[in-house]
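Here is the structure we will look at.
Laboratory data are not the source of any read-out in this text; all were calculated from the coordinates shown. Predicted model, so just to flag it, every value in this text is computed and none were measured. Quick reminder, even Gly has a Cβ in these numbers, built from the backbone with ideal geometry, and neighbours come from all protein chains shown.
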Amino acid sequence: MHNPPINDSELWLAIRNDDEQAFAALFDRYWIRLYKTALRYLKDREASEEAVHDVFLNIWNRRHELEIESFPNFLLTAIRYQVYNRMRAVKSPVVLTITDAEISELLDHNAGESRIKDQELLHELGQYLEQLPKRCQEIFQMSRIDHLSNQEIAGRLGISKRTVENQITMALKHLRVCLKHASVMVAWWYIFK
């Protein structure tokens, strides 16, 4: 016996009340669509995954201040912004057009895509993050959660940009090794949560 699918508005209300399961359900509902949109432009799986996770990270971090009327519209705008920033960073020409079909795809809710994340895995992933040295955790947080550039982090901490890059690389390698056997979507959702 299934519970009726929860609509976006109900999920958003729960998310604003710090409900991580509701956030996981929203993530599952939209992740693959946003990933496909990002991949179409970036032509890079890892960069596309990071773009999508940055969108969800931003939603979680700003859940108490964001006013979202329509998730499909909000997410479409957010993923376009992430794609634009990544393309601009590598100085690629940026031409983004979103078709009616893509909008329809985002609007088409499929309750079957909604799955709740396993709490034990989330706890395990949290422990992996805590294994990193404090400075490494701090730099990773500033980069992936506070969205500061490597140059900004270097300036704030009084270290070289190269040191910042090395610390981020070390953190990502550590997490990838730890998460080798975990679900990619669950793992990335948690890392960028």
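Which FRET efficiency value, to the nearest 0.05, do you get for ASN166 and ASP18 by plugging their Cβ-Cβ distance into 1/(1 + (r/R0)^6) with R0 = 45 Å? The value I calculate is 0.85.
The HN-Hα couplings worked out from phi for the range 60-65 by the Karplus form 6.51 cos²θ - 1.76 cosθ + 1.60 (θ = phi - 60°) are 5, 5, 10, 4, 7, 10 Hz, whole numbers, x standing for Gly and Pro.
Of the peptides 50-62, 162-174, the order by per-residue mean of other Cβ atoms within 10 Å, starting with the highest, comes out as 50-62, 162-174. Karplus-derived 3J(HN,Hα) values for the range 129-134, using 6.51 cos²θ - 1.76 cosθ + 1.60 with θ = phi - 60°, are 4, 6, 6, 6, x, 4 Hz; glycine and proline are entered as x. On full extension, the segment bounded by ARG156 and ASN61 gains 32.1 nm, given 0.36 nm per residue less the C-alpha separation.
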